[in-house]
Amino acid sequence: MVARKRTAATTSKRSPGPRPKLAGTRRSRPRTALGAPAVASGRRIGVAVLGATGTVGQRFIQLLESHPWFEVAEVMASDQSAGKPYDEAVGNRWKLPTPIPDAVRRLRVKGPKERLASRLLFSALDASVAGELEEHYARAGHLVSSNARNHRMDPLVPLVIPEINRDHLDLLEEQPYGEGGIVTNPNCSTIVLAMALAPLHQRFGVESVIVTTFQATSGAGYPGVPSLDILGNVVPFVAGEEPKMESETQKILGRRNGKGIEPAPFPVSAQCHRVPVIDGHLEAVSLKLRSPASRKQLADTLATFRPLSKLGLPSAPREPITVRTEDDRPQPRLDADRERGMGITLGRLRPCPVLQWKFEALGHNTIRGAAGAAILNAEILLRDGRI
Ligand code: NAP
């Protein structure tokens, strides 16, 4: 048994064999009301970013620069980056409009499986290596908050959007990693769909869903899709995306039972497209509900969905879902950055002659759909006393 909830009892007892000394492990420190002594004392917790040089890794570095609870203490990437200062390893691949933070610029990039001191690791590793490396670090006692797809559908790994299914974090207690563990956030297009469906499913019950995506090129990492394939074009295929949207949505909206997660029973049919947009995934959604609802009831249910509003989590959007009434919103360029990239924007809510209702939903793929989602997951872990 495992990454259990760290109560005073569990933090003081066990020593499961030799481990690196992990900064941020609080076996002997008392919990505060927040479950986070370091936070209460104003001290930031040192964290590591795995895959720190990539598209999502850079977002972690940017978002954590001014984070009140976490600060980047270590960065890790492939052998080609290992040993170099971070700014040299990233080189001209740094594509964000803000500069590399001074505190990270000179950090030496660590290599795969190199020992890390931080207890909390954010993973933006390429999927070809994330599976093995995340398990390696979880076994070594680290808590990994991952973006990669590899462990999302593992029965004992929580696939979490804190607004929807934070109770799934209890699965950490059943993982075979001693004091370590793995928590995942959904694929960047799934998170937009799941956020839009969750309040409707909770109140009216979703019966079936059809979704068509228009996905930004930053979702493919760097250098991603060749410019000659995507400029002035639409590519009607995003490898692996459709099955991910269909199964991850059911897991997130599923229920905890004695054996794990029972997936939500409704079918999801996804068609995914890559479009020449830099950031922001737009999705056209049609759905059928179990109980009848008016347009006003749907709009009110979506707009008042604020399950985290009292928890004081730094990355939680004040307004998780904004419902727009204009005919031509949401748009990636105008709406993806809402709530510092953590908000979902929904519009064109109207009757569907085939199912019942249809709308457009939009979210920032590398913030709400990746780095920001993993940071929010870590905030809820810390708040719940699990770090
Ligand atoms: P990316 O730009 O290609 O970056 C991949 C990162 O993985 C780089 O830091 C790279 O380091 C590192 N890496 C590659 N091989 C490695 C190895 N053998 N050992 C250690 N590190 C290695 O990819 P990305 O778009 O940021 O995506 C990262 C992860 O997030 C993927 O699993 C992806 O599916 C997921 N994701 C991406 C998005 C998105 O919108 N982009 C959204 C949700 C989830 P080097 O620079 O040293 O090669």
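Identify, from the list ALA216, ALA239, ALA220, the residue that is free of Cβ contacts under 8 Å to residues at least 24 places away in the same chain, of a type in the set (Gly, Ala, Ser) and within 16 Å of the ligand (Cβ to nearest atom).
One residue alone meets the criteria, ALA239.
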Check on VAL109, more than 13 Å from the ligand (Cβ to nearest atom) and at pLDDT 95 or above: no
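From the list ALA370, ALA284, ALA361, exactly one residue is within 21 Å of ARG152 (Cβ to Cβ) and in contact with a strand residue (DSSP E or B) (Cβ under 7 Å, 6 or more places away or on another chain). Which is it?
Numbers: ALA370 fails: in contact with a strand residue (DSSP E or B) (Cβ under 7 Å, 6 or more places away or on another chain); ALA284 fails: within 21 Å of ARG152 (Cβ to Cβ).
Every option except ALA361 fails the conditions.
If we keep just the residues of region 163-222 that are of a type in the set (Ser, Thr, Tyr) and in contact with a Leu (Cβ under 8 Å, 6 or more places away or on another chain), which is farthest from LEU253 (Cα to Cα)?
Across region 163-222, the extreme among qualifying residues is THR213.
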Residue check, VAL323 over 24 Å from ALA374 (Cα atoms), touching a helix residue (DSSP H, G or I) at 6+ places or on another chain (Cβ under 7 Å), surrounded by 17 or more Cβ atoms within 10 Å (Cβ to Cβ) and modelled with pLDDT of 95 or more: yes
Test: residue in region 104-113 that is surrounded by fewer than 15 Cβ atoms within 10 Å (Cβ to Cβ) and under 14 Å from GLN58 (Cα atoms): yes
Filter result (within 13 Å of the ligand (Cβ to nearest atom) and among the β-branched types (Val, Ile, Thr)) within region 70-95: VAL75, VAL90
Selection from region 229-264 of residues that are out of contact with any helix residue (DSSP H, G or I) (no Cβ under 8 Å at 6 or more places or on another chain), farther than 18 Å from ARG152 by Cα and not charged (D, E, K, R): LEU231, GLY232, ASN233, VAL234, PRO236, PHE237, GLY258
Filter pass, HIS67 being modelled with pLDDT of 95 or more, more than 13 Å from the ligand (Cβ to nearest atom) and under 21 Å from GLY369 (Cα atoms): yes
Helices (runs of 4 or more DSSP H) contained in region 179-262 and holding at least 2 residues surrounded by 22 or more Cβ atoms within 10 Å (Cβ to Cβ) and not aromatic (Phe, Trp, Tyr): 188-204, 241-252
Selected residue [touching a residue at least 40 places away in the same chain (Cβ under 8 Å) and surrounded by 14 or more Cβ atoms within 10 Å (Cβ to Cβ)] from SER309, SER286, SER291: SER286
Matching option when the condition is assigned to a helix (DSSP H, G or I), more than 13 Å from the ligand (Cβ to nearest atom) and at pLDDT 55 or above, among VAL56, VAL39: VAL39
Failed item in (1) surrounded by 22 or more Cβ atoms within 10 Å (Cβ to Cβ); (2) in contact with a Leu (Cβ under 6 Å, 6 or more places away or on another chain), with ALA124 passing the rest: (2)
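The values are calculated or read from the model by the stated rules, or taken from the named source; none is laboratory data. Model, not experiment: these values are computed from the prediction. Positions of Cβ are backbone-derived with ideal geometry, glycine not excepted, and every protein chain shown enters the neighbour counts.
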